[in-house]
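J.: Take this structure, written in structure tokens, and hold onto it; I'll ask about it next.
The values are calculated or read from the model by the stated rules, or taken from the named source; none is laboratory data. From a predicted model like this one, the values you see are computed outputs, not experimental measurements. Here the Cβ positions follow ideal geometry from the backbone for every residue, glycine too, while neighbour counts run over all protein chains shown.
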């Protein structure tokens, strides 16, 4: 329980500054979404990664995977970093075409290759999420949780994801980056 409480407290403290102190937005980002289970409900976790530094640029969970969720995700990235990426590399999901066209961002559909970075990150995330859920399972929402809404019922997930992204970007070294963390690689090599 002490670990769970620490993760919740740490995640809550870093979630607001996690991306604002993450560096600038690269010209090219790779974006994708994956389905995650929280209790007895499913959500789509959208995430964007820098293909050069392997830095997670942004993440956000949505109850649906569609044009509006995709548009909202990219609008939040633009608002957070103050600019648009030149190119977004995605899979063939039809929700990307309409959203990125509306924002006037060039979309490049790629299978494998550079998209493997985000797929690999999702794999790492799900491995950790599965392990954490074994020891700290999410309670099924009760009647009170339903009335409180998404924010109250979902806060622990955002805190956990924030802690994980902080760990991934700033603590965990990557062999492909010469043992550097994505954030250190970005600062030392790409800046």
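J.: For the range 34-57, how many residues are part of a strand (DSSP E or B) and either farther than 27 Å from residue 23 by Cα or in contact (Cβ under 8 Å) with a residue 60 or more places away in the chain (or both)?
T.: 13
J.: Has the range 100-113 got at least one residue that is surrounded by 15 or more Cβ atoms within 10 Å (Cβ to Cβ), under 25 Å from residue 85 (Cα atoms), out of contact with any helix residue (DSSP H, G or I) (no Cβ under 6 Å at 6 or more places or on another chain) and modelled with pLDDT of 55 or more?
T.: So far as the range 100-113 goes, yes, one or more of its residues are surrounded by 15 or more Cβ atoms within 10 Å (Cβ to Cβ), under 25 Å from residue 85 (Cα atoms), out of contact with any helix residue (DSSP H, G or I) (no Cβ under 6 Å at 6 or more places or on another chain) and modelled with pLDDT of 55 or more.
J.: For the range 72-86, give me the residue count where each residue is surrounded by fewer than 17 Cβ atoms within 10 Å (Cβ to Cβ) and either in contact with a strand residue (DSSP E or B) (Cβ under 7 Å, 6 or more places away or on another chain) or assigned to a helix (DSSP H, G or I) (or both).
T.: Of the residues in that region, 7 qualify.
J.: Do we have any residue at all in the range 34-45 that's within 20 Å of residue 130 (Cα to Cα), modelled with pLDDT of 90 or more, exposed (fewer than 14 other Cβ atoms within 10 Å of the Cβ) and under 17 Å from the mean Cα position of the chain (by Cα)?
T.: yes
J.: Would you mind telling me which numbered condition in (1) in contact with a strand residue (DSSP E or B) (Cβ under 9 Å, 6 or more places away or on another chain); (2) surrounded by fewer than 13 Cβ atoms within 10 Å (Cβ to Cβ); (3) over 21 Å from residue 62 (Cα atoms) residue 92 fails?
T.: Condition not satisfied by residue 92: (3).
J.: Okay, next question. Look through 69, 99, 31 and report the one residue that is in a helix (DSSP H, G or I) and touching a strand residue (DSSP E or B) at 6+ places or on another chain (Cβ under 7 Å). Let's see the steps before the verdict.
T.: Working: 99 fails: touching a strand residue (DSSP E or B) at 6+ places or on another chain (Cβ under 7 Å); 31 fails: in a helix (DSSP H, G or I).
Checking each option against the conditions leaves just 69.
J.: Sticking with this structure for a sec: At pLDDT below 95, on the phi > 0 side of the Ramachandran plot and in contact with a helix residue (DSSP H, G or I) (Cβ under 9 Å, 6 or more places away or on another chain): which single residue out of 9, 54 fits that description?
T.: Working: 9 fails: on the phi > 0 side of the Ramachandran plot.
After ruling out the rest, the residue left standing is 54.
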